[in-house]
Structures are given as C-alpha cells and as structure tokens.
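Please read the structure below before turning to the comments.
The values are calculated or read from the model by the stated rules, or taken from the named source; none is laboratory data. The shown structure was predicted, so the numbers you read here are calculated from the model rather than taken from an experiment. Reconstructed Cβ throughout: ideal geometry from the backbone, glycine too, with neighbour counts over all protein chains shown.
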Amino acid sequence: MKISKSKFMAGVQCLKRLYLEVHEPELAIQPDATDEAIIEQGREVGMLAQQMFPGGIEVDCSKGLDAAIRRTRELVANSEVPAIFEGTFEYKNVLVRVDVLQRRRDGRWRLVEVKSTTDVKEHHLQDIAIQNRVVSGCGVELASTCLAHVNRNYVREGPIDPRRFFKIRNLTHRFKRLKPALVSQLRSQFRVLAMPTAPDLASGPQCTTPVVCEFFDYCNPPKPNNHISYLPRLHASAMEELEEMGIETIQDIPDDFELSEIQRRACTSVKTGSLWFSPDLKTQLESLKYPLCFMDFETVNPAIPKFDGMSPYSHLCFQWSVHRVTRPGAEPEHFEFLAMDGADPRAAFLSSLCEALGERGSIVVYNQKFEEQRICELAEWLPDYANRVEEIKARLWDLLPAMRNYVYHPAFAGSFSLKAVLPALVPGLTYEGMEVSNGQAAGLAWRSLIQVGLDDVQREKIKNGLLAYCSQDTLGLHRIVEALALRARN
C-alpha cells in the first residue's frame, strides 16, 4: 500500500476520508464544473510560478510513476539543470510530486510548494512537511523548504510579473515542530488502510475543514427541514445541549430553552407551519421611494487579475440586471447588460448601469455590502464616475436585513439566501431547471462565453442562460417586495 501526498493530507483531515478515498471512491461526490475550475486555476497559478525559475525542466508524469521517478533522479544528478518542476519521489511507500525544486550554488536544494491562496494556512505546513520528509529520505539535501503564495497587494500593470505576484515564505523552522508527529500520522494512516472496513468516526468540523470532504453527503445524510440544525445561527454548544436532551426537531424544543430572537421566531414559524411576519416591516417598506430599481450584479474573481489596476481575487463585474417600477402596482421595466467578449467590461458596465438607474428613487439589493463594494471598486478604476457612484450608494436599500429581522417561513430551513427566500415567498419563481442557477455557475458560464472559437449556437445558449438567471434575481426582488407590501397592508 502506498500513500500519495494528497491521500496523506486527506488522512490528516480525517482517517475515514482517507479510507474511503482508497477503498470506496465510488461513494464520493464527483467533481463538478466549479471543482474543475478551481483545479484549473491552481494549474494556471502553478504555471505562472514556474516563470520565476528560468531554465527549469518539468517531469513528464504521463509515462507512469516509475518513469517519472527515474526522470527526476536524472535531473537531480544533472548539475546543468537549475530547477525541476513536478519532481516525483518515493520514500517508505509515500509518494510526492514537488512543485519546484531549485538548485542552489552549493549543490543543495530549495523546495517550493505553490499555493493559490493569499497567505499561509496551518494545513500547508503539513503539506510541505511530508514533502520534506520524502525528498530528504531520497537523499536530496534540502537547504530550505518554502511556500509561494499569491501576493494580495499586487496590482496588475501590463503583463503579470511573477516575482511580484508571488510571496515566497521560508517555512523551514515552522514545520520542523511537526516532524515528530509525521511518523505517528503515517503509521495511523497505514493501519487504517489495512482495516477491513472504514473507521467509525462521527461527523464534525473535519467534514468541512480545511476543505469540504467529497464524502460529506455520505457521512451527513440530509435532514428534514424541521431539524434543530436548521435554526438560524445555532451555536454548536446549544446543538449539543439539545441533542443531549434527546431533541432532534424544532417542534420539540421547550418554550423555556434559551434562543436568540431570530431563532425563537424561526421556532414559532416552524411549529405553526406558517409565515412569521412582524408588523414593523410596514415602516421599513414605507421608506422606499419610487421609482424603485431592483439591482443585481454577477462577477468573477480570478486569482490572476485580467486587467490593469486589478489585484488577485478582485471582483470583475461582467453582468447586471435592473427591474424598474415607476409607481405602486405598475409593471416593471427590465434593463440588462452582459459583456460578450474578453475585452475589459468595466467602463461599459458602469456607464450603462448609471443610465438604467436614473437619478431618483430607491435601489433595492440583496446584501448591500456586495453591490456597494463593487461600484466603489469601479469608481476607483474609473474616477470620472466617482460622484455618480456616491449618489447611487446613497439610494441603496438592502432587503436582506429586512428579511432577517421581520420575516420567517418554515421553507427557509434556516437560510436567508435569495435562493431559499424567493420560492418560499413567491411560489412558482424557482431556480430549479435553469441553465444557470447560481452565482458560481454564472461565473463559469461567462468564462465559457468569452472563449475564442465558441460556435454561434453555444454562444447563444450560454448568453440566454446568463440573462435569464440575472433577470430572475431582480424580478424575484421585485416580487418579494410586492408580496411583503401586500401582507403589510393587510
């Protein structure tokens, strides 16, 4: 039995995850388009990092493990090779592929692990520690072990400069404290893998930290909407207390059990099976000023910034939708924008948005912080719009806190996301069956839309899917406010 670096890290997170990965991989959730996009982004960041080591040679892993190990040995022995990418090593049945091995003048090596994160995470130390153990065990003398991560403060100006884009941190001393535990961890992992069945481990924080386990659904079967875990913001200690009392459903929670105000109204709504509605919402709705605009943005936030002035993981706005209602009871007018190619969309996005919003009336959004930050960023990149953006900010009206503070429906199942709220309050408006059904899918669809070589049929299908999704968001905001106003009047 052999353990790769990825399997080792799975075992560090959870020994049951390791066992299932090796022996019952069919139980895992298969990677979706989002997972594949994350992998591809990591590959792009890794390729960019290689540019910091000119003359480096990549080990071809397509010819099998043994061939990759032999090729790595040849490159290590060749003093003319300044750096090795994806070097493959095996020591005591543990396999690792190293992002970068850089040869020093004294003949020793610097090991560099590349991550697309913007800082060093605790689990990164275990990642480089196992690599250090295996590479050193193969007779390669390491002078230092480092981690290259994305520099969040980098600002693109022209072609990407990899030496400024990355920060390289020497973690040799930080991970040394983990060395004694490595042997114990490996021993436990090999022992678990030799067991006839998976270890019986209870679900817990390890199911989602540091990553969501691909066996999450297997170990955490769906719970009914009235399960206590669906109370909003229920603390783990309160959950444990209820479970110790033998209480699993919200209906069984005692009236004297300590809950927050939001949790108590959710509890009341679930127990009665009906919408909970505060009379105070009427005052909130009366603050809205016509004409009403209902606004939503779609963005991507790539690790490698696409245009000048942007930093790693900056949001790039590529689509907006606005439904505008001139007076109470009027049918909404719809306005929209979608960038259709790979050109910088920021100026066209903001100028067309300002025109659609007009100069009067409230602008209803869901989670004001997001839209506000995006238009402020646009104003920084496009300072001629700074005053106009300040006027728009002053008109924003956030529906999300109104929902949290004054409304609850049993179908929310503890969530105040628009995807949970809309079908509960406006039956018939749902995201199920849509070509694009969430923000991540929208970002992936747009990346596909701007690809060179896409045929007209594919382009039209993707475009229509994006337009329908963003329009659904803003129409949904309008219909929710309409439904709440009707309830407030009655």
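For the structure I just gave you, tell me whether His124 is surrounded by 18 or more Cβ atoms within 10 Å (Cβ to Cβ), on the phi < 0 side of the Ramachandran plot, in contact with a Leu (Cβ under 9 Å, 6 or more places away or on another chain) and not charged (D, E, K, R).
yes
Is there any pair with a first residue in the stretch 187-205 that is more than 19 Å from Phe215 (Cα to Cα) and a second that is modelled with pLDDT under 95 and outside any helix (DSSP H, G or I) whose Cβ atoms are under 9 Å apart and which are 6 or more apart or on different chains, and what are they?
Filtered contacts from the stretch 187-205: Phe190/Met1; Ala194/Met1.
Filter the stretch 177-197 down to the residues that are among the basic types (Lys, Arg) and either modelled with pLDDT of 95 or more or part of a loop (DSSP other than H, G, I, E, B) (or both), then identify the one that is nearest to Arg103 (Cα to Cα).
Selected residue: Arg177.
Which members of the stretch 125-160 meet the condition of being within 18 Å of Glu86 (Cβ to Cβ) and of a type outside the set (S, T, N, Q)?
Asp127, Ile128, Ile130, Val134, Val135, Cys138, Val140, Leu142, Cys146, Leu147, Ala148
Yes/no matrix, rows are residues, columns are (1) in the same structural domain as Val140 (by TED's automatic domain parsing); (2) surrounded by 14 or more Cβ atoms within 10 Å (Cβ to Cβ); (3) farther than 27 Å from Gly139 by Cα:
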{"site": "Gln13", "(1), (2), (3)": "yes, yes, yes"}
{"site": "Ile29", "(1), (2), (3)": "yes, no, yes"}
{"site": "Met52", "(1), (2), (3)": "yes, yes, no"}
{"site": "Leu75", "(1), (2), (3)": "yes, yes, no"}
{"site": "Ala83", "(1), (2), (3)": "yes, yes, no"}
{"site": "Phe89", "(1), (2), (3)": "yes, yes, no"}
{"site": "Val94", "(1), (2), (3)": "yes, yes, no"}
{"site": "Val98", "(1), (2), (3)": "yes, yes, no"}
{"site": "Leu101", "(1), (2), (3)": "yes, yes, no"}
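Which count do you get for residues in the stretch 324-339 that are more than 24 Å from Asp384 (Cα to Cα) and not polar (S, T, N, Q)?
10
For the stretch 265-281, name all the residues that are of a type in the set (D, E, K, R) and within 21 Å of Leu484 (Cα to Cα).
Correct list: Arg265, Asp280.
Filter the stretch 95-121 down to residues that are farther than 11 Å from Leu171 by Cα and under 27 Å from the mean Cα position of the chain (by Cα), then give me how many there are.
The number of residues fulfilling the criteria is 12.
Out of curiosity, is Met340 of a type outside the set (Gly, Ala, Ser), in the same structural domain as Ala420 (by TED's automatic domain parsing) and within 22 Å of Leu449 (Cβ to Cβ)?
Taking the combined requirement at face value, the residue satisfies it.
How about the stretch 1-87: which helices (runs of 4 or more DSSP H) wholly inside it have at least 1 residues that are without any contact (Cβ under 8 Å) to a residue 40 or more places away in the chain and in contact with a strand residue (DSSP E or B) (Cβ under 7 Å, 6 or more places away or on another chain)?
65-77
For the stretch 220-234, indicate whether the set of residues that are more than 18 Å from Gly414 (Cα to Cα) and surrounded by fewer than 16 Cβ atoms within 10 Å (Cβ to Cβ) is non-empty.
There is no residue in the stretch 220-234 that is more than 18 Å from Gly414 (Cα to Cα) and surrounded by fewer than 16 Cβ atoms within 10 Å (Cβ to Cβ).
Which of the strands (runs of 3 or more DSSP E) contained wholly in the stretch 277-349 include at least 2 residues that are polar (S, T, N, Q)?
Qualifying strands (runs of 3 or more DSSP E): 316-325.
If the requirement is being assigned to a loop (DSSP other than H, G, I, E, B) and modelled with pLDDT under 95, which of these qualifies: Arg233, Arg174, Arg152, Arg156?
Sole residue among the options that is assigned to a loop (DSSP other than H, G, I, E, B) and modelled with pLDDT under 95: Arg233.
Residue under question is Thr268, and the condition is that it be of a type in the set (Val, Ile, Thr) and assigned by TED's automatic domain parsing to the domain that holds Ala394; does it hold?
When the stated conditions are applied, Thr268 does not pass them.
Out of the residues in the stretch 359-389 meeting the condition of being under 23 Å from Leu400 (Cα atoms) and of a type in the set (Gly, Ala, Ser), tell me which one is farthest from the chain's Cα centre (by Cα).
Step by step, filter the stretch 359-389, then rank; the result is Gly361.
Scan the stretch 148-180 residue by residue and report those that are within 14 Å of Val12 (Cα to Cα) and surrounded by fewer than 13 Cβ atoms within 10 Å (Cβ to Cβ).
Lys179
Considering each residue of the stretch 329-347, count those that are without any contact (Cβ under 8 Å) to a residue 60 or more places away in the chain, under 15 Å from Thr299 (Cα atoms) and surrounded by 12 or more Cβ atoms within 10 Å (Cβ to Cβ), and give that number.
5
From the list Ser136, Ser116, Ser144, exactly one residue is surrounded by 14 or more Cβ atoms within 10 Å (Cβ to Cβ), part of a strand (DSSP E or B), assigned by TED's automatic domain parsing to the domain that holds Glu86 and hydroxyl-bearing (Ser, Thr, Tyr). Which is it?
None of the other options fit; the residue is Ser144.
Which of the residues belonging to the stretch 253-282 are of a type in the set (Gly, Ala, Ser) and crowded, with 18+ Cβ neighbours inside 10 Å?
Correct list: Ala266, Ser269.
Residues checked against (1) modelled with pLDDT under 95; (2) closer than 30 Å to Ser269 by Cβ:
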site	(1), (2)
Gln373	no, no
Glu380	no, no
Pro383	no, no
Val389	no, no
Trp397	no, yes
Leu400	no, yes
Asn405	yes, yes
Ala413	yes, yes
Ala445	no, no
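Among the numbered criteria (1) surrounded by fewer than 19 Cβ atoms within 10 Å (Cβ to Cβ); (2) out of contact with any strand residue (DSSP E or B) (no Cβ under 6 Å at 6 or more places or on another chain), which single criterion is violated by Leu350?
Looking at each condition in turn, Leu350 falls short on (1).
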